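What follows is calculated from the coordinates using simple rules that are stated; it is not laboratory data. A quick note: this is a predicted structure, and the numbers were derived from the prediction, not measured. Counting neighbours? That spans all protein chains shown, and the Cβs are built from the backbone with ideal geometry, glycine included.
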Amino acid sequence: MSENIIFVDKQYKFILDLIPMGECLVNKGKSITSFTSEVFCFKFKEQQEQGWVLKPISVNNLREAVAERAAYKFSNEAGLGIVPETKIGSYKGMVAIIKPFIDSNNHLSDETYKYLLASNNDNIKDLKNFWFVFGQWDTSSDNAIYTNDGRLISIDNTNIANIQKVGTYGEPHFVKTFFTSHPNEGSIEQADRIIGPGKNVLEVLNTKFGENAAKSVNAEIIAKKPYFEFTYFVNDNYVWRNHYSFDKFPNYFVPKAQMDIKSLEKFTTIKNIDCNNIFKTTLQELQTILEMQEEPNAKSIIYSLDRHFDIICEGINQRYDLAYDYLVDQYDEGIAELTC
């Protein structure tokens, strides 16, 4: 029996062959990636030549749905083409993210990924600037696809929904992680680190910050690690965490010397994107879905998300300014021509 997805325009589309993504990849002879949430592949009954991906989103994680849809809108409006088409729909009474399944023959090993990121061609420059400005801080190879036409594209962009801080362009994002009564400690310029076997790191975290720490850092996964680093600073009763250590953080950002006028001109188009409008129109779409599902708290949910993404948008604008100041300081004359 076929099921259906309802989209914002109230269009029903029947789906076939909904199977877990791990099984889907095995069937296609591909390596399996571990998934921390339910993800499925399927086909629409009316369009069986194209595969699709579906990720149900619980009502407690709706920020992820907004982030995924907004990431596509940012990429599309900036003319970057580095995020697959992403829609919000309703599936079995849950909000769902729907994307095309990209069936690439290119295996993205760690070595290949590092090589591609070091090339800094136009695609890579666009990708790196997108990651930095819009806050996709988890840029591991699990969150990218190497397409058959030789491009890297960004998938699983839920981290855009995290409130973040950065010090300067090219340094890692620190994510607002959990509340603490602990006094200010360290800084974004000189963060502190707790290192050692995962169990030991957890013990230090719990002693220093209390039970909120273990609840916020995937304690079960960390406890199994023979070595773990927790890089952080404390400011105004919140722990801000960098998920990559400074000495191992890969250089995913564009060196100043490799930015030319053409690239800078394209980069400046990001500034013209109305960040608030993208999030607000996405929230309108989400509200339509919630109301179709007769969610009793739809309005209060959207109100809370709206306030949250106002903060996210402030961070995006700040990171754009950091990147702009860094990348264009040696191109004053050329940029003056672009902005006249």
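Let a ≥ b ≥ c be the square roots of the eigenvalues of the Cα gyration tensor of the chain; is it rounded (a/c under 1.5), or, if not, prolate (a/b larger than b/c) or oblate? It is rounded, given that a/c, with a ≥ b ≥ c, falls under 1.5. Each Lys and Arg contributes +1 and each Asp and Glu -1, all at the Cβ; summed about the Cα centre of the stretch 165-225, the dipole is approximately 200 debye.
Normalising by the residue count of the stretch 173-242, find the relative contact order in percent from Cα pairs under 8 Å and 6+ residues apart. Mind showing how you got there, number by number?
On the way: 126 pairs, mean separation 36.2, N = 70.
Across the stretch 173-242, relative contact order equals 52 percent.
When +1 charges are put on Lys and Arg Cβ atoms and -1 charges on Asp and Glu Cβ atoms, the dipole computed for the chain relative to its Cα centre reaches about 700 debye. Of the residues Glu185, Glu111, Glu294, the one that moves most in a GNM of the chain with alpha-carbon contacts below 10 Å is Glu111. For Glu229, the amide hydrogen comes within under 5 Å of no other amide hydrogen, counting only partners 5 or more places away or on other chains and with H modelled in the peptide plane.
Could you please rank Glu314, Glu295, placing first whichever residue has the fewest other Cβ atoms within 10 Å of its Cβ? Write down the numbers at each step before the final one.
On the way: Glu314 13, Glu295 17.
Ascending number of Cβ neighbours within 10 Å: Glu314, Glu295.
Using only the Cα atoms of the stretch 53-108, build the gyration tensor, take square roots of its eigenvalues as a ≥ b ≥ c, and label the shape rounded, prolate or oblate: rounded if a/c is under 1.5, else prolate if a/b is larger than b/c, else oblate. It would help to have the intermediate numbers written out before the result.
Numbers: a/c = 2.44, a/b = 1.40, b/c = 1.73.
Since a/c reaches 1.5 but b/c is at least a/b, the shape of the stretch 53-108 is classed as oblate.
Here the stretch 173-242 is described by how far its Cα atoms reach on the three principal axes: 31, 23, 18 Å, from widest to narrowest.
Tell me the net charge near Ile97. Cut-off is 9 Å between Cβ atoms, Ile97 excluded, with +1 for each Lys or Arg and -1 for each Asp or Glu.
On the way: positive: Lys55, Arg69, Lys87, Lys99; negative: Glu64, Glu68.
Here the count lands on +2.
Annotation for the stretch 62-127 versus the stretch 145-165: alpha-carbon center distance of 5 Å.
With helices defined as uninterrupted DSSP H runs, which ones in the chain have an alpha carbon span along their own long axis of at least 15 Å and mean Kyte-Doolittle hydropathy of at least -0.5?
Helices passing the filter in the chain: 122-134, 198-209, 275-292, 298-328.
How big is the Rg/Rh ratio for the stretch 96-227, C-alpha atoms only, Rh by Kirkwood, two decimals? Don't skip to the end; give the middle numbers.
On the way: Rg = 17.9 Å, Rh = 17.5 Å.
A ratio of 1.02.
With neighbour counts taken as other beta-carbon atoms within 10 Å, the residues Leu116, Leu108 rank, fewest first, as Leu108, Leu116.
Which of Tyr244, Tyr12, Tyr320 comes first, and how do the rest follow, when ranked by fewest Cβ neighbours within 10 Å?
Values: Tyr244 17, Tyr12 10, Tyr320 21.
Ordered from fewest to most neighbouring Cβ atoms within 10 Å, Tyr244, Tyr12, Tyr320 come out as Tyr12, Tyr244, Tyr320.
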